[in-house]
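This report refers to the structure that appears directly beneath it.
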Amino acid sequence: MNEISIILIEDHDLTRMGLRAALQANTGIKVIGEAANATQGLKLLETAKPDVAVVDIGLPDMDGIELTRKFRRYQTESGQTHTKILILTMDHTEDAVLAAFAAGADSYYMKETSISRLTEAIQATFGGNSWIDPAIANVVLQKMRQGIPGDNQASDKPKTVKIEALPSEYEQVLETYPLTQRELEILELIVAGCSNGQIAEKLYITVGTVKTHVRNILNKLCADDRTQAAVRALRSGLVA
């Protein structure tokens, strides 16, 4: 297996040095560049073309969210799309979390989490899966709850939440097959870390029914796994 190439965009020298040393100790990861600000980081992203960029939000000249937005625009224009973005931060406020995913971040990692989990997050991100730090799971849940229509809306049809603002190849699927309220309930429990068996117990349905709903959720969100489904919902019409 080839090493995962990484660049670090972090303005605190000691933090950056510590991250580099810790990550370089992992035989599957190679740090190929560093930047102390967003301007340098953006140039490095364009020239080094790493597999994953670890980007701090609190950069001095431009925050990591705006850097992510600009780099995603560059990727669209250049066709260089393989680089993934992992946001590194101490900020777990709703505004920061939602803004990061809306800008195009693939994963969101809290600095106080262990370095071993950072390695796990990098590997997951490199593999095409979005890694969400457990500390921000509640932000995802709260946003999903806000997207559920009020119970006082009378209708003979199942309540649904339309998911918008996804890439064009997904929009038609979700317009035709929006998530039902039951699917949103299950998606909420998935983000909370519940297994199929636990979901079945909480909702008083069979495991087989849960599996069917999960399969439908993944299909509607064009997601490969549960974590990606949660992030894709967050990036879409559930994001203000």
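A few points about this structure:
Okay, residues lined up against (1) surrounded by 15 or more Cβ atoms within 10 Å (Cβ to Cβ); (2) at pLDDT below 70; (3) closer than 20 Å to Asp106 by Cβ; (4) acidic (Asp, Glu):
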| residue | (1), (2), (3), (4) |
| --- | --- |
| Ala165 | no, yes, yes, no |
| Thr176 | no, yes, no, no |
| Gly197 | no, no, no, no |
| Leu203 | yes, no, no, no |
| Val239 | yes, yes, yes, no |
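- The residues listed here are Lys159, Lys49, Lys84; of these, the one that is modelled with pLDDT under 90 and of a type in the set (D, E, K, R) is Lys159.
- Extreme residue, most open to solvent (accessible area, probe 1.4 Å), among residues of the range 17-65 that are within 22 Å of Gly79 (Cβ to Cβ) and among the charged types (D, E, K, R): Lys43
- Single unsatisfied condition, Pro50 versus (1) assigned to a loop (DSSP other than H, G, I, E, B); (2) within 16 Å of Leu88 (Cα to Cα); (3) touching a Gly at 6+ places or on another chain (Cβ under 9 Å): (2)
- Note on the range 4-47: residues that are part of a helix (DSSP H, G or I) and over 22 Å from the mean Cα position of the chain (by Cα) amount to 15.
- Residue within the range 111-124 that is out of contact with any Gly (no Cβ under 9 Å at 6 or more places or on another chain), open to solvent by 20 Å² or more (accessible area, probe 1.4 Å) and β-branched (Val, Ile, Thr) present: yes
- Residue list for the range 53-85, filter: of a type in the set (Asp, Glu), under 19 Å from the mean Cα position of the chain (by Cα) and part of a helix (DSSP H, G or I): Glu66
- Pro60 being modelled with pLDDT under 95 and of a type outside the set (A, V, I, L, M, F, W, C): yes
- Of residues in the range 111-121 being at pLDDT 85 or above and of a type in the set (A, V, I, L, M, F, W, C), the one nearest to Arg16 (Cα to Cα): Leu118
- Only listed residue being at pLDDT 80 or above and assigned to a helix (DSSP H, G or I), chosen from Ala137, Ala124, Ala105: Ala124
- Among residues of the range 1-16 being surrounded by 15 or more Cβ atoms within 10 Å (Cβ to Cβ) and not β-branched (Val, Ile, Thr), the one that is farthest from Thr89 (Cα to Cα) is Ser5.
The values are calculated or read from the model by the stated rules, or taken from the named source; none is laboratory data. All values reported here derive from a predicted model rather than from experimental measurement. For neighbour counting, all protein chains shown are included, and Cβ atoms are generated from backbone atoms with ideal geometry for every residue, glycine included. Ligands, DNA and RNA are stripped out before the accessible areas are found, and what is left, the full protein with its side chains, is counted by its heavy atoms. Shrake-Rupley method; radii C 1.70, N 1.55, O 1.52, S 1.80 Å.
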